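Visitor: Input: one structure, supplied below.
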Amino acid sequence: MNVEILEKSMQQWKNSLGLSLISSDIVGHDGLCLVSHQSNPMVAALFSEIAANGKANIKRANLPPSRYTMIHLKSGNLVILLYADNCEWISVINRTQVNLGVLISVALPTALKNLANAFPKESE
């Protein structure tokens, strides 16, 4: 794991989303934060568990792996779960302040690429 890449990734994520980013945590499979911004440890731990269950259910259903899940809460906020082999990235975003085009077309693909680069494969 390359923590420096994770920290730079979080900074890019913050820069892309600006004030719409409420909290963001990159969490190991143990539910503990590796890198965070305005961390909410309870949200991170609980959504890490939801992410793990979601990944398992997708696999059990013989569907192709998911790269991320977006949940629209009644409050108007979005919860975004990004999946990697060794961790999950959990963010809460204010839906009324985020530019969805930037989120979907710029921020998410960049974050997913950075997340993959932070965990090089064993053979590399």
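Visitor: Out of the stretch 111-124, which residues are more than 15 Å from the chain's Cα centre (by Cα) and either loosely packed, with under 11 Cβ neighbours inside 10 Å or free of Cβ contacts under 8 Å to residues at least 60 places away in the same chain (or both)?
Guide: Selection gives Lys121, Glu122, Ser123, Glu124.
Visitor: Let me ask something else. Among residues belonging to the stretch 15-41 that are touching a residue at least 60 places away in the same chain (Cβ under 8 Å) and among the aliphatic types (A, V, I, L, M), point out the one that is surrounded by the most Cβ atoms within 10 Å (Cβ to Cβ).
Guide: Among them, the one singled out is Ile26.
Visitor: What is the number of the single condition among (1) buried (at least 16 other Cβ atoms within 10 Å of the Cβ); (2) part of a helix (DSSP H, G or I) that Gln12 does not meet?
Guide: With (1) buried (at least 16 other Cβ atoms within 10 Å of the Cβ); (2) part of a helix (DSSP H, G or I) applied to Gln12, the lone miss is (1).
Visitor: Looking for something touching a residue at least 40 places away in the same chain (Cβ under 8 Å) and surrounded by fewer than 14 Cβ atoms within 10 Å (Cβ to Cβ) - is there at least one such residue anywhere in the stretch 85-92?
Guide: So in the stretch 85-92, the residues touching a residue at least 40 places away in the same chain (Cβ under 8 Å) come out as 86-92.
Still in the list and also surrounded by fewer than 14 Cβ atoms within 10 Å (Cβ to Cβ): 86.
Yes, there is a match, as at least one residue in the stretch 85-92 is touching a residue at least 40 places away in the same chain (Cβ under 8 Å) and surrounded by fewer than 14 Cβ atoms within 10 Å (Cβ to Cβ).
Visitor: Given the structure, is Ser66 under 14 Å from Glu88 (Cβ atoms), part of a loop (DSSP other than H, G, I, E, B) and of a type in the set (Gly, Ala, Ser)?
Guide: Values: under 14 Å from Glu88 (Cβ atoms): yes; part of a loop (DSSP other than H, G, I, E, B): yes; of a type in the set (Gly, Ala, Ser): yes.
Answer is yes for this residue.
Visitor: Could you give every pair whose Cβ atoms fall below 6 Å, whose first residue belongs to the stretch 99-110 and is touching a residue at least 12 places away in the same chain (Cβ under 8 Å), and whose second residue is of a type in the set (S, T, N, Q) and loosely packed, with under 14 Cβ neighbours inside 10 Å, counting only separations of at least 6 or pairs across chains?
Guide: So the pair list comes out empty.
Visitor: For the stretch 22-63, how many residues meet the condition of being outside any loop (DSSP other than H, G, I, E, B), more than 22 Å from Val3 (Cβ to Cβ) and not polar (S, T, N, Q)?
Guide: The number of residues fulfilling the criteria is 11.
Visitor: Another question about this same structure. Given (1) over 21 Å from Glu7 (Cβ atoms); (2) under 12 Å from the mean Cα position of the chain (by Cα); (3) surrounded by fewer than 18 Cβ atoms within 10 Å (Cβ to Cβ); (4) of a type outside the set (Asp, Glu), identify the lone condition not met by Val79.
Guide: Of the numbered conditions (1) over 21 Å from Glu7 (Cβ atoms); (2) under 12 Å from the mean Cα position of the chain (by Cα); (3) surrounded by fewer than 18 Cβ atoms within 10 Å (Cβ to Cβ); (4) of a type outside the set (Asp, Glu), the odd one out for Val79 is (3).
Visitor: Name the residue, out of Ala51, Ala107, Ala44, that is surrounded by 15 or more Cβ atoms within 10 Å (Cβ to Cβ) and touching a Cys at 6+ places or on another chain (Cβ under 8 Å).
Guide: On the way: Ala51 fails: touching a Cys at 6+ places or on another chain (Cβ under 8 Å); Ala107 fails: touching a Cys at 6+ places or on another chain (Cβ under 8 Å).
Checking each option against the conditions leaves just Ala44.
Visitor: Hey, can you tell me all the residues within the stretch 77-124 that are assigned to a loop (DSSP other than H, G, I, E, B) and either of a type in the set (Ser, Thr, Tyr) or modelled with pLDDT under 90 (or both)?
Guide: Across the stretch 77-124, the qualifying residues are Ala84, Asp85, Asn86, Thr96, Phe119, Pro120, Lys121, Glu122, Ser123, Glu124.
Visitor: Take the stretch 73-84 and flag every residue that is touching a residue at least 12 places away in the same chain (Cβ under 8 Å) and out of contact with any strand residue (DSSP E or B) (no Cβ under 6 Å at 6 or more places or on another chain).
Guide: Result: Gly76, Tyr83, Ala84.
The values are calculated or read from the model by the stated rules, or taken from the named source; none is laboratory data. All of these numbers come straight from a predicted model, not from anything done at the bench. A quick note on method: Cβ atoms are made from the backbone with ideal geometry, for glycine too, and the neighbour counts reach across all protein chains shown.
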